[in-house]
Amino acid sequence: MSTKKTGSSPTDTTIDIKEIKTFYDSVYHANAHAGHSSEDGHYRRLFRKLGVRNDSHVLDVACGTGGWLKVCSDNGASVSGVDLSDNAIKVCQEVMPQGNFYAQPAETLPFDDNVFDLVTCLGSLEHFVDPENSLREMIRVAKPHATFVILVPNKDFLTRKLGLFGGTYQVDAKEVVRTLEEWRSLFTAAGLHVTDRWKDLHVINRHWIMRGKFYTWPFRLLQSLLLAIWPLKWQYQVYHRCLAQSDKGIMPTSSDAA
């Protein structure tokens, strides 16, 4: 697959990206390694829900160690991924040598225009230095009529609003959480049209519930069960399926982009 360096000139975000990259290499992915993920089952369910074809070209932005892309690859899809972390990308290259992986910020994707059938960004957009430009880059590298699936945290997550959750430890790098309507406005401003939304229920499994100190397990069990019945507006994370506005004949308006 051909690649394209976008050739963006240095900006004020350059230092921020370097600092965030240092965090992901030295902390978040410091011990990155290939192996079974507790989210494998969740990724398989997502694969089936999206109806990914075995001839699809899939890009995952902020792919981490590639758990989602591994499921796509095992089912015949051609996979590519970018992540700031060199450590994470090395794992992807080890596990999926046939894939295309780059240690690269999402704001400057190293791909030609009109390449991918499916572009995903799962639980990472809130950590980007320039999320709107990153979304525009995703649109650029996607084929006409491609599907975009973006998983983002919800500022109105009920546990957060009650003061019982302050964010992930990635807040030490960067974490900007928005309400669902604020996310929709950002997607619209970038050129995406949201066609569907659904709950992220990957926490309903024993691996997540039994993570951390044993005395937190009852609370984590209760939270996972409540997420299953809470409405979308109270969810921790929400999936957004989108199309490019150009594919829908939609142009962003000033009110949409506000």
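Which of the residues spanning the stretch 39-57 are more than 20 Å from D112 (Cβ to Cβ) and assigned to a loop (DSSP other than H, G, I, E, B)?
Let us first name the residues in the stretch 39-57 that are more than 20 Å from D112 (Cβ to Cβ), namely 39-54.
Once the filter is applied, which keeps residues that are more than 20 Å from D112 (Cβ to Cβ) and assigned to a loop (DSSP other than H, G, I, E, B), the stretch 39-57 yields E39, G51, V52, R53, N54.
Within the stretch 162-185, identify whether any single residue is surrounded by 22 or more Cβ atoms within 10 Å (Cβ to Cβ) and out of contact with any Gly (no Cβ under 9 Å at 6 or more places or on another chain), and answer yes or no.
yes
Would you mind finding the one in D112, D25, D60, D16 that is in a helix (DSSP H, G or I) and touching a Ser or Thr at 6+ places or on another chain (Cβ under 8 Å)?
On the way: D112 fails: in a helix (DSSP H, G or I); D60 fails: in a helix (DSSP H, G or I); D16 fails: touching a Ser or Thr at 6+ places or on another chain (Cβ under 8 Å).
Unique residue meeting the criteria: D25.
How about the stretch 28-68: which of its residues are among the hydrophobic types (A, V, I, L, M, F, W, C), surrounded by 14 or more Cβ atoms within 10 Å (Cβ to Cβ) and modelled with pLDDT under 90?
So in the stretch 28-68, the residues among the hydrophobic types (A, V, I, L, M, F, W, C) come out as 30, 32, 34, 46-47, 50, 52, 58-59, 61-63, 68.
Filter again for surrounded by 14 or more Cβ atoms within 10 Å (Cβ to Cβ), leaving 32, 34, 46-47, 50, 52, 58-59, 61-63, 68.
Passing the criteria: A32, A34.
Only one residue in C121, C92 is crowded, with 23+ Cβ neighbours inside 10 Å and part of a helix (DSSP H, G or I), so which one is that?
Values: C121 fails: part of a helix (DSSP H, G or I).
Of C121, C92, the one residue that is crowded, with 23+ Cβ neighbours inside 10 Å and part of a helix (DSSP H, G or I) is C92.
I'd like the full set of residues that are within 27 Å of F23 (Cα to Cα) and modelled with pLDDT under 95, limited to the stretch 186-204.
Scanning the stretch 186-204 gives D200, H202, V203.
In the stretch 119-143, what residues are closer than 18 Å to V52 by Cβ and touching a helix residue (DSSP H, G or I) at 6+ places or on another chain (Cβ under 9 Å)?
Here is the first cut: in the stretch 119-143, the ones closer than 18 Å to V52 by Cβ are 119-122, 138, 141-143.
Hits for the stretch 119-143 are V119, T120, C121, L122, M138.
Given the condition acidic (D, E) and under 23 Å from Y24 (Cβ atoms), answer yes or no: does some residue in the stretch 148-158 qualify?
no
What's the number of the only condition in (1) out of contact with any Phe, Trp or Tyr (no Cβ under 8 Å at 6 or more places or on another chain); (2) at pLDDT below 95; (3) part of a helix (DSSP H, G or I) that W183 fails to meet?
(2)
D196: of a type outside the set (V, I, T), surrounded by fewer than 19 Cβ atoms within 10 Å (Cβ to Cβ) and under 17 Å from the mean Cα position of the chain (by Cα), yes or no?
Working: of a type outside the set (V, I, T): yes; surrounded by fewer than 19 Cβ atoms within 10 Å (Cβ to Cβ): yes; under 17 Å from the mean Cα position of the chain (by Cα): yes.
Yes.
Mind telling me which of the residues L158, L226, L222 ends up being buried (at least 18 other Cβ atoms within 10 Å of the Cβ), farther than 22 Å from S124 by Cβ and modelled with pLDDT under 90?
Working: L226 fails: buried (at least 18 other Cβ atoms within 10 Å of the Cβ); L222 fails: buried (at least 18 other Cβ atoms within 10 Å of the Cβ).
Unique residue meeting the criteria: L158.
The values are calculated or read from the model by the stated rules, or taken from the named source; none is laboratory data. All of these numbers come straight from a predicted model, not from anything done at the bench. Cβ coordinates were reconstructed from backbone atoms using ideal geometry, including for glycine residues, and neighbour counts include every protein chain displayed.
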